[in-house]
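Worksheet: the structure to be examined is printed underneath.
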Amino acid sequence: MVETRDSIVAEVELLILPYTGPDKTLVDLLIDEFNNTEWDSFQSAVALASQSGNFPDLLTGITSFAKRGGRVEMTFGADTFSGEGGSEYDAIEQLLNAVKEFPKAKISLYREKGRTFHPKLYLFANVKENKARLIIGSSNWGAGGFYGNIEANVIINLRLDDPSHARFFERVIELFAEYWQELS
């Protein structure tokens with residue numbers, strides 16, 4: 001970690017699949033984070049959900065996270081439902097069934113005519129503890145994106161008591177709220 005006059009630079013790690021190693025896949029990282037009791041919220045915005053990404057251990061991790069009170073908000077591209085490619089209906093249905101009994105869990109579909117929904121963001125946070133972990137990269141929610149394809153992801157560990165980290169975190173939260181969640 002490098003200190004500057006105004007802030008502390010975030011801890012950053014590069015995850016290049018499959019070259020980082022067989023024990024360092026994105027699905028393993030996500031499972032570990034869902035099982036990590038320091039987090040109390042998870043948000044994601046992912047272009048594509050594939051049934052191949054709904055690993056039993058990952059679904060168990062999500063449901064355990066939600067069962068202990070964690071907030072889960074996942075948004076996936078909905079182009080498939082319009083006939084233009086994107087998320088698989090069966091994948092979304094399985095995810096919905098996994099979290100339907102938890103009031104703090106929701107799954108949204110995003111579609112904007114004339115645009116392709118293409119982000120890949122995974123955010124774990126605990127604002128009370130001033131920490132967050134953001135994964136930004138090329139990995140969709142599927143076996144290919146989690147471990148099979150050649151993918152690049154950056155893992156950013158944020159200290160929210162640092163003003164520059166807090167501003168960055170707030171901007172990411174604004175993006176989820178403004179663009180990638182269902183309007184009430």
For the chain, what proportion of DSSP beta bridges, expressed in % and rounded to the nearest 5, is antiparallel? 70 percent
How much net charge surrounds ASP40 when only other residues with a Cβ under 11 Å from its Cβ are counted (Lys, Arg +1; Asp, Glu -1)? +3
Count charges around VAL154 for me, please; just the other residues with Cβ under 13 Å from its Cβ, Lys/Arg as +1, Asp/Glu as -1. -1
Average accessible area per residue (Å²) across the chain - probe 1.4 Å, nucleic acids and ligands excluded: 52 Å²
With a Cα-only, solvent-free Debye model of the chain, what are the log10 I(q)/I(0) values at q = 0.08, 0.10 Å⁻¹? -0.24, -0.38
Report, in debye and to the nearest 20, how large the dipole of the chain comes out about its Cα centre when Lys and Arg carry +1 and Asp and Glu carry -1 on their Cβ. 300 debye
Per the 1.4 Å probe, what fraction of the accessible area of the stretch 37-128, in percent, lies on carbon and sulfur atoms? 50 percent
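The values are calculated or read from the model by the stated rules, or taken from the named source; none is laboratory data. Computed from a prediction, not measured in an experiment: that's the story for all the values here. As a convention, Cβ positions derive from the backbone with ideal geometry for all residues, glycine included, and neighbour counts pool all protein chains shown. Quick note on the areas: whole protein, heavy atoms, side chains included, nothing else; ligands and nucleic acids left out. Shrake-Rupley method; radii C 1.70, N 1.55, O 1.52, S 1.80 Å.
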